[in-house]
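Beneath this line is the structure, given in structure tokens, with notes to follow.
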Amino acid sequence: MNNTGAQVREQARDEVRDRVREVDVVVVGAGQAGLSSGYHLRRTGFEPERDFVVLDHAPRPGGAWQFRWPSLTYGKVHGMHSLPDMELTDADPDRPSAEVVAEYFDTYEHAFDLRVRRPVDVKAVREGDAGRLLVETSDGTWSTRALINATGTWDRPFWPRYPGQETFRGRQLHTAQYAGPQDFAGQRVVVVGGGASGTQHLLEIAPYAAGTTWVTRRPPVFREGPFSEDVGREAVAMVEERVRQGLPPRSVVSVTGLPLNDAIRQGLADGVLDRLPMFDRIVPDGVEWDDGRRVAADVILWATGFRAAVDHLAPLRLREPGGGIRIEGTRAAVDPRIHLVGYGPSASTIGANRAGRAAVRDIRRLLADTPVAPVAPAAVEATG
């Protein structure tokens with residue numbers, strides 16, 4: 001029986017998935033951190049597809065930015081540092097940041113010929129033979145001498161658990177699912193979270209909603225004055241100390257506080273940013289506190305942040321008893337082949353750029369000091 005064209009193509013895809021391809025470095029993720037890493041690999045002599053490969057699970061360029069809500073225009077973004085050797089200039093502040101950054105990343109990928117493979121889901125990274133790592137993906141397996149993990153946090157939204165949460169008759173959603181303020185017209189909305197996303201959501205939703213309530217675990221800290229280099233360095237140092245101890249990283253914003261800009265001042269004056277302490281339970285029609293306070297709600301919006309997307313690294317047992325991955329610079333303390341960029345202290349856009357450069361520098365030293373060990377030739381082929 002003759003195969004149809006579709007069967008032939010599917011068979012070819014199966015063959016690709018079954019074989020193991022060999023490179024020196026695999027970069028997982030093509031956001032700011034991944035593209036910066038790819039750039040520095042190219043700049044120092046690594047050839048894409050032959051020496052390294054960049055894998056990205058997203059359907060198109062843009063990293064996590066492509067999933068941001070349309071009302072988050074570029075002018076509202078709290079700082080966006082350009083990628084190495086290509087400035088992002090003349091961006092329209094009124095355009096959605098998702099569009100602006102996605103176009104910029106797309107241009108960058110082509111300008112530096114990074115040849116990002118997408119959509120590719122990385123399922124697991126395991127110990128391979130001869131000191132190599134096996135990166136198992138939806139598009140086959142790569143054998144690599146080093147790995148740069150640049151997966152960020154967007155894929156792991158954090159949902160706190162509170163008593164009665166399953167009884168709520170209204171709608172619950174996370175920042176990752178937020179599409180814009182129009183969805184909340186005429187509704188009573190409880191926004192949970194004291195970060196930048198929470199305040200942005202409140203300021204946008206308030207003109208549409210029947211009412212808004214803001215609750216946070218800790219009183220918000222508003223920062224007066226400009227965000228100086230000294231303040232930035234101090235914040236990064238505090239986050240860096242956590243990851244050195246093997247603790248889960250906190251966001252830099254949680255350390256620096258929220259900038260007290262004109263929009264925030266107006267929100268405080270209007271009462272939109274009148275914060276309440278965290279409720280004690282969720283009831284079918286709202287939230288309650290132990291002191292008897294009760295707020296009726298149609299929607300609970302969890303602006304509660306994200307966690308590092310590193311579950312695919314679990315087979316390598318990198319986590320410390322404290323719950324985080326202890327890193328020195330960008331290198332996993334227990335395995336010099338693994339580098340985490342855009343993690344902890346390098347989660348900002350400028351930090352991701354610097355981390356990409358540092359990771360590539362360390363990997364070059366590692367590969368120079370480590371002789372190339374042979375692997376099973378029947379199972380492995382070089383990409384190209």
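The values are calculated or read from the model by the stated rules, or taken from the named source; none is laboratory data. Because the structure is a prediction, the values reported are computed rather than measured. Heads up, the Cβs are rebuilt from the backbone with ideal geometry, glycines too, and the neighbour counts pull from every protein chain shown.
Computed quantities for the displayed model
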{"read-out": "Where a residue in region 18-38 is at positive phi and its partner, wherever it lies, is small (Gly, Ala, Ser), with Cβ under 7 Å and at least six apart", "value": "Gly29/Ala150; Gly29/Gly152"}
{"read-out": "Selection status of Ile325, of a type in the set (Val, Ile, Thr), in the same structural domain as Arg169 (by TED's automatic domain parsing) and either touching a Pro at 6+ places or on another chain (Cβ under 7 Å) or crowded, with 18+ Cβ neighbours inside 10 Å (or both)", "value": "no"}
{"read-out": "Residue list for region 269-321, restricted to those being under 28 Å from Ala185 (Cβ atoms), in a loop (DSSP other than H, G, I, E, B) and acidic (Asp, Glu)", "value": "Asp274, Asp285, Asp298"}
{"read-out": "Residue match in region 329-337 (condition: at pLDDT below 85 and assigned to a loop (DSSP other than H, G, I, E, B))", "value": "no"}
{"read-out": "Out of Arg17, Arg13, Arg21, Arg9, sole residue that is surrounded by fewer than 23 Cβ atoms within 10 Å (Cβ to Cβ), at pLDDT 95 or above and among the charged types (D, E, K, R)", "value": "Arg21"}
{"read-out": "Top-ranked residue in region 185-202 [being surrounded by 20 or more Cβ atoms within 10 Å (Cβ to Cβ) and among the hydrophobic types (A, V, I, L, M, F, W, C); ranked as nearest to Arg293 (Cα to Cα)]", "value": "Val190"}
{"read-out": "Tally, over region 338-384, of residues that are in a strand (DSSP E or B) and modelled with pLDDT under 90", "value": "3"}
{"read-out": "Residue ranges of strands (runs of 3 or more DSSP E) in region 55-174 with at least 3 members among the β-branched types (Val, Ile, Thr), modelled with pLDDT of 95 or more and surrounded by 14 or more Cβ atoms within 10 Å (Cβ to Cβ)", "value": "140-149"}
{"read-out": "Unmet requirement for Ser36, which otherwise passes all of (1) in a loop (DSSP other than H, G, I, E, B); (2) buried (at least 20 other Cβ atoms within 10 Å of the Cβ)", "value": "(1)"}
{"read-out": "Hits in region 208-234 - residues which are surrounded by 16 or more Cβ atoms within 10 Å (Cβ to Cβ) and at pLDDT 65 or above", "value": "Tyr208, Ala209, Thr212, Thr213, Trp214, Val215, Thr216, Pro220"}
